[in-house]
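A short reminder: the numbers here are calculations on the coordinates, not readings from a lab. These figures come from a predicted structure and were not determined experimentally. A quick note on method: Cβ atoms are made from the backbone with ideal geometry, for glycine too, and the neighbour counts reach across all protein chains shown.
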Amino acid sequence: MAKKAKSVYMCAECGNEFPSWQGQCSYCGAWNSIVEQMVKPEADSDARRRTTSKATPSKLKSVGTGNYTRITSGISELDRVLGGGIVLGSMILISGEPGIGKSTLIIQSANSIALNNGTVLYVSGEESEEQVKLRADRVCENLSDNLLIFPETNIESVLAACEQTKPKFLVIDSIQTMYSEELDNTAGSITQIRTCSNLLMKYAKTNNVPIFIVAHVNKSGDLAGPKTIEHMVDCVLNFVGERDRDLRILRSVKNRFGTTEEIGAFSMGQRGMDEVRDLSGTLLESSDIREEGSVASALYEGSRPVFFEIQALVTPANVGFARRSAIGIDNNRLNMILAVLEKKVGISLLNHDVYVNVVGGLKPDGPGADLAVALAIYSSFRERTSPRRVVALGEVGLTGNLRAVRNADRIVSEAARLGYETIIIPKGNIKIENRSTDIQVVGAGSLGDAIKAYIDKK
C-alpha cells in the first residue's frame, strides 16, 4: 500500500523541516522563512541514493583518483572560474538576480559547446522558442544545428527528451519553473525544486552528462531556489553586477573540481557577454590617482591580481548623528577602521559623515583593502594626498598594526607594470629577494607609519 503524502514545515532558506510553524528557523536564524509543504515518502529508488559497483568498504589509500574529463565552455572566463572547463557528469548551479545576464551567458556557452562537442539540449521553462531564438541571434554569431530548444517545465518530459536526443550537454533555465507530476506542490516550491534537482543529478551521474541549472534570486531572498540545492550540486556560481554598470562578475561559491578563488569578468553589451581580459584597466580609469580621498588598492583573485580604486568622502555632519555609508565593503569593517583611526592616529570623526565606495562595483573579499580605505578616509579628512602614484594594501588590526596579505610579491610586480611609483604593504610582506627596482616598496608596521609614507614628499 502506497504511503500518503504528509504536510511538513520547511525553511525556505536552509531546507530544514519542522513539525509545526514557527517564526524563526532554529537552524539558520532566518525570520518568517517557514512554509508548509506537502511531501511524499521517498521510494527505495530515490535519486539521492548513490550506488557503486563496490559492495564492501575499501581502503582509502588504495582508491585511485583518476583524472576528470573536462570540455571547454567556449568562454575562457567561465572555464577559469570552473577550474579549467566543465567536468563531464557534473551539475553546475548558476544563480543571480533576474536580468543580470545568466541566460545570455548560458546560451553563448551552449552554442559553443554544440559547435564543438555535439548535441546540446536547452530546456526553457520561462521563455518561448521564439524568445530564446531572438536572444541567440543577437548574441551568437553562428548558431549550431546541434543546439536544440525544448520549452518544457515537466521534469519527466525533460528526462524523456534527454533519453531520445542523447545530449552532450543539458541546460535547465530555470529550476524554479520545473515540476514533477508525482508531487502535488506547485512549481518553485522547496519540495519540487529538491525533487527535480535529485532527478537531474541522477541523470547527470548515470549518463556522464554535464548540466547547467539556472536559478533566480531576488534582493529580499524570499525565493528558496538556490539555497535548498547548493549542497546537492557540484559547483555553485554566483553572477553579480550593478544594473547601471556593464561590468559583471562571476564568482565560484562552491567547486568540487577546482578552486573557489577565481573570478570571471564580463561586460554586458548589445552582442551579449564580452570577456574582460584586463579587469584592472576596467576598474581603474587611470593609474595616476592622486586626488583627495582616492587611493588604489589590489587583491589577488585566483591566478591574477586585480587593481581597483577606493574613494572616501568625509564631511561635517549636518544632523545630530554622523552617517556611515559603505558600498563594496562591509559596513562593520568600515566602523572598525574608523575606530582605529580615532584611537591610534588621533583624528576624531565623531561629528563627520563618512562615505566609502569601491569604484566599479567590485566587492573585494577579505580585509586586504583595509589600508587603502583608511588612507582614503585620512586623505579626505585632512584634505591631503600623496605626491606620487601610490597603491596600498594590508589588513588593519585593532591595535593599529598592519597584517600581511597573500600574494603581495605578485601584486608588487603587477603594480610596477601598471606604472605605480610606490606601493605600501605590511612589513610582514617585505621580501628582499622579490623587491622590484621599478617601484618603491614601503613596508609599514602600523597604520601611522603607512599614513606617513603616503603623505611624505621625499
Completion exercise
Computed over the chain: longest principal axis from alpha-carbon atoms vs helix 102-117 long axis, angle to nearest 10 degrees, is 60
Completion exercise
Labelled set (1) 23.0, 82; (2) 25.7, 87; (3) 31.8, 113; Rg and Dmax of the Cα atoms in Å computed from this model equals the value at (2)
Fill in the blank from the handout: Loop-resident GluC sites (Glu not before Pro) in the range 350-458 with no more than 14 other Cβ atoms inside 10 Å, DSSP not H/G/I/E/B, are Glu383
Handout entry: Average Cα contact separation per residue, the chain, under 8 Å, 6 or more apart, as relative contact order %
Key = 12
Practice task
Could you tell me whether the range 70-277 comes out rounded, prolate or oblate from its Cα gyration tensor? Rule is a ≥ b ≥ c as square roots of the eigenvalues, rounded for a/c under 1.5, then prolate if a/b exceeds b/c, otherwise oblate.
Solution key: rounded
Handout entry: the chain: angle of helix 190-207 to the longest principal axis, Cα-based, in degrees nearest 10
Key = 80
Exercise for the section: Kindly count the pairs of lysines across the range 70-277 whose alpha carbons are less than 17 Å apart, treating pairs on different chains or eight or more residues apart as eligible. Expected result: 8
Exercise for the section: Give, as a single signed number, the net charge of other residues whose beta carbon lies under 14 Å from the beta carbon of Ala136, with Lys and Arg counted +1 and Asp and Glu -1. Expected result: -3
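So what is the orientation-averaged projected area of the range 244-380, using the convex hull of its C-alpha atoms, in nm²?
The directionally averaged projection comes out at 10.3 nm².
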